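The values are calculated or read from the model by the stated rules, or taken from the named source; none is laboratory data. Quick caveat: nothing in here was measured; it's all calculated off a predicted structure. In this analysis, Cβ positions are derived from the backbone assuming ideal geometry, glycine residues included, and neighbour counts consider all displayed protein chains.
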Amino acid sequence: MADLAATAAAMVRPGKGILAADESVSTMSARLERAGVAPTEENRRAYREMLVTTPGLAGGVSGVILCDETFRQRVTGAATFPQALAARGILPGIKVDTGARPLAGRPGETVTEGLDGLRERLAEYARLGAAFAKWRAVLRIGAGRPSPQALRANAHALARYAGACHEAGLVPIVEPEVLMDGSHSLRECAEATERALRAVFAELAEFEIGLDAVVLKPNMVVPGGDSGQVAAPDEVAGATLATLRAAVPEAVAGIAFLSGGQGAAQATANLAAICARPAPWPLTFSFGRALVDPALAAWRGEAARLADGQRALAHRVARNAAALAA
């Protein structure tokens with residue numbers, strides 16, 4: 001476990017965050033189409049290559065999360081993506097869940113699947129160069145949601161996944177995301193997030209998971225996107241840290257916030273406000289769209305615009321790395 005704890009500490013080391021480039025094939029294809037790029041396997045590969053070969057990326061990124069397709073592909077020059085990342089001093093990570101599916105008996109709620117065959121898949125990813133893995137649970141706020149049943153089902157799956165990661169020699173990123181979709185208030189998001197985190201850490205304790213080798217990837221506490229409310233960064237920071245202090249043990253290796261559909265500038269401003277306050281854990285980011293959307297818009301699948309895409313990514317990484325030292 002000492003080696004795993006060291007890897008977890010490296011993932012959340014000062015001044016660096018984690019790039020989430022693990023969209024599924026269908027999600028990535030849809031994003032390419034919206035950007036005017038043909039949704040082919042080669043274009044998905046070229047897009048991820050544009051990201052991971054950005055000059056100086058390791059200056060602000062400790063690790064990159066990939067999906068299974070990309071993990072098995074190669075960058076120009078024949079290295080696999082995990083090899084290319086490792087050569088740049090960046091830890092390779094892999095998303096291992098198979099997505100959220102309807103939860104029986106709970107209309108409108110989901111449970112994330114992928115436990116079947118997980119041990120074998122984790123062992124293979126470790127052989128291919130993975131240092132860490134990620135599993136995302138999806139929870140919604142609404143009438144009676146998230147229900148106790150949805151909280152327990154998703155927390156149990158996250159704990160089993162975390163235990164399997166440790167057995168395989170991988171650090172688990174545990175991601176219980178309370179979505180910002182909906183009309184809920186900031187207070188309602190805080191309450192739902194605290195319940196979700198309490199459920200997750202109760203299950204992790206039940207499975208005796210070593211928290212010094214676990215990175216938590218939670219949502220920030222923000223009002224719902226359809227609420228009409230706008231929370232200032234200081235308000236988000238206060239609510240987020242109060243919620244985390246109430247539910248997250250200090251033994252956790254670190255906390256890497258997801259952007260959760262926030263705009264790039266909004267996510268960075270909220271991150272800076274959170275990091276400006278004292279906390280018992282290392283704090284960082286694990287952003288997807290809030291980092292890569294500007295890069296995709298600048299690149300547009302054109303080889304001549306490769307440098308434009310990489311400059312856009314480098315700019316967002318630099319802004320978020322600076323936010324960590326706010």
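Has the stretch 189-206 got at least one residue that is surrounded by 16 or more Cβ atoms within 10 Å (Cβ to Cβ) and assigned to a loop (DSSP other than H, G, I, E, B)?
no
Does Thr70 qualify as being closer than 17 Å to Arg127 by Cα, touching a strand residue (DSSP E or B) at 6+ places or on another chain (Cβ under 6 Å), among the hydroxyl-bearing types (Ser, Thr, Tyr) and in contact (Cβ under 8 Å) with a residue 24 or more places away in the chain? Reasoning before the result, please.
On the way: closer than 17 Å to Arg127 by Cα: yes; touching a strand residue (DSSP E or B) at 6+ places or on another chain (Cβ under 6 Å): no; among the hydroxyl-bearing types (Ser, Thr, Tyr): yes; in contact (Cβ under 8 Å) with a residue 24 or more places away in the chain: yes.
So Thr70 fails the test.
If I ask for residues that are part of a helix (DSSP H, G or I) and touching a residue at least 40 places away in the same chain (Cβ under 8 Å), which ones from the stretch 241-266 would you list?
Narrowing the stretch 241-266 to residues part of a helix (DSSP H, G or I): 241-247, 264-266.
Of everything in the stretch 241-266, those that are part of a helix (DSSP H, G or I) and touching a residue at least 40 places away in the same chain (Cβ under 8 Å) turn out to be Ala242, Thr243, Leu244, Ala246, Ala247, Ala264.
Only residues in the stretch 49-60 that are under 14 Å from Asn320 (Cβ atoms) count as the first member; pair them with residues that are assigned to a loop (DSSP other than H, G, I, E, B) and among the aliphatic types (A, V, I, L, M), Cβ under 9 angstrom, at least 6 apart or cross-chain, and list the lot.
Every condition considered, the pairs that remain are Leu57/Ile90.
Residues are listed down the side, and each one gets a yes or a no for (1) out of contact with any Cys (no Cβ under 8 Å at 6 or more places or on another chain); (2) surrounded by 17 or more Cβ atoms within 10 Å (Cβ to Cβ); (3) over 24 Å from Gly260 (Cα atoms):
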| site | (1), (2), (3) |
| --- | --- |
| Thr80 | yes, yes, yes |
| Gly105 | yes, no, yes |
| Arg136 | yes, yes, no |
| Leu139 | yes, yes, no |
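Provide a single number: the residues in the stretch 277-296 that are assigned to a helix (DSSP H, G or I) and in contact with a helix residue (DSSP H, G or I) (Cβ under 7 Å, 6 or more places away or on another chain).
Total satisfying the criteria: 7.
Test Ala35 against the stated conditions and say whether it is at pLDDT 95 or above, out of contact with any strand residue (DSSP E or B) (no Cβ under 7 Å at 6 or more places or on another chain) and either among the hydrophobic types (A, V, I, L, M, F, W, C) or surrounded by 22 or more Cβ atoms within 10 Å (Cβ to Cβ) (or both).
No: the conditions fail for Ala35.
Quick check: anything in the stretch 210-221 without any contact (Cβ under 8 Å) to a residue 40 or more places away in the chain and crowded, with 16+ Cβ neighbours inside 10 Å?
Checking the stretch 210-221: at least one residue is without any contact (Cβ under 8 Å) to a residue 40 or more places away in the chain and crowded, with 16+ Cβ neighbours inside 10 Å.
Residues being assigned to a loop (DSSP other than H, G, I, E, B) and of a type in the set (Asp, Glu): count how many of those fall in the stretch 1-44.
So the answer is 2.
May I ask you to say which residue of Val138, Val171 is closer than 21 Å to Ala6 by Cβ, touching a Ser or Thr at 6+ places or on another chain (Cβ under 6 Å) and in contact (Cβ under 8 Å) with a residue 24 or more places away in the chain?
Working: Val138 fails: closer than 21 Å to Ala6 by Cβ.
Going through Val138, Val171 in turn, the sole match is Val171.
Can you name the residue in the stretch 256-298 that is of a type in the set (Val, Ile, Thr) and over 22 Å from Gly224 (Cβ atoms) and is also farthest from the chain's Cα centre (by Cα) among such residues?
Val292
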